[in-house]
1. Pulled fully out, how much extra length does the chain show between Asp124 and Ala90, if you take 0.36 nm times their separation in residues and subtract their Cα-Cα distance?
2. Please list, in order along segment 118-130, the HN-Hα scalar couplings obtained from phi with the Karplus expression 6.51 cos²θ - 1.76 cosθ + 1.60 (θ = phi - 60°), rounded to whole Hz, x for Gly and Pro.
3. Separation between the His63 and Lys139 pseudo-spin-labels, each 7 Å from Cα along Cα→Cβ, expressed in nm?
4. Round to the nearest 0.05 the FRET efficiency obtained for Phe77 and Ser151 when R0 = 41 Å and r is the Cβ-Cβ distance.
5. So what are the ³J(HN,Hα) numbers for segment 75-82, from phi and the Karplus equation (6.51, -1.76, 1.60; θ = phi - 60°), rounded to whole Hz, Gly and Pro as x?
6. Tell me, what HN-Hα J-couplings in whole Hz come from the Karplus equation 6.51 cos²θ - 1.76 cosθ + 1.60 at θ = phi - 60° for each residue of segment 62-72, using x for Gly and Pro?
Amino acid sequence: MIRGTSSALYLVERFGGRERANLAAQALLIDARRSQLPYFSPIRGRAHNDVIVRDIQEYIDAHLDDPIQVGALAEQFGVSVRTLTRRFTAATGLGPQAYLQLVRVNLSQHLLETTSDPVASISDAVGYGDINAYRRVFKQVTGLSPSEYRSQNGTRRPS
């Protein structure tokens, strides 16, 4: 799927709801199951009034499969790394890197639960170019390896 289309569907879901996003995907003949849209659920730390942090969260949501560096985010949004970290932590309770990891792990949990895609593909889909780093972070957050998580929580498909 074209990356811009995935981002557009995400925004439709975010502001119009999942039903509208699914209708839009059908109208545009897009297989929404191949995007991140059906698997993404909100992460804690959204109920705050910091506009810059909210904009960064939206950017992260729309670019999960891209490499995202805190320094580049700070530059892009016109603040220092120190200011970004301080504001992000105050608004969400997490630093920007921890928040990014949590969002990626949350999405990968949904993918592991609902698809049969290989773990390496899921790792790439959530922005980890290094599968070992993905496995390490996933286990740190969930207490399970991605394969163990899928075994315990994955959708059972008829044989």
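Nothing in this text is a laboratory measurement; each read-out follows from the coordinates by a stated rule. Since this is a predicted model, take the numbers as computed values, not measurements. In this analysis, Cβ positions are derived from the backbone assuming ideal geometry, glycine residues included, and neighbour counts consider all displayed protein chains.
1. Extra length from Asp124 to Ala90 when fully extended: 9.2 nm.
2. These are the phi-based 3J(HN,Hα) values: x, 4, 4, 5, 5, 4, 5, 5, 9, x, 9, x, 9 Hz.
3. Going by the 7 Å Cα→Cβ label model, 3.1 nm.
4. Here the calculated transfer efficiency is 0.55.
5. Calculated HN-Hα couplings, in order: 4, 4, 9, x, 9, 7, 4, 4 Hz.
6. Couplings: 7, 10, 4, 7, 9, x, 10, 10, 4, x, 5 Hz.
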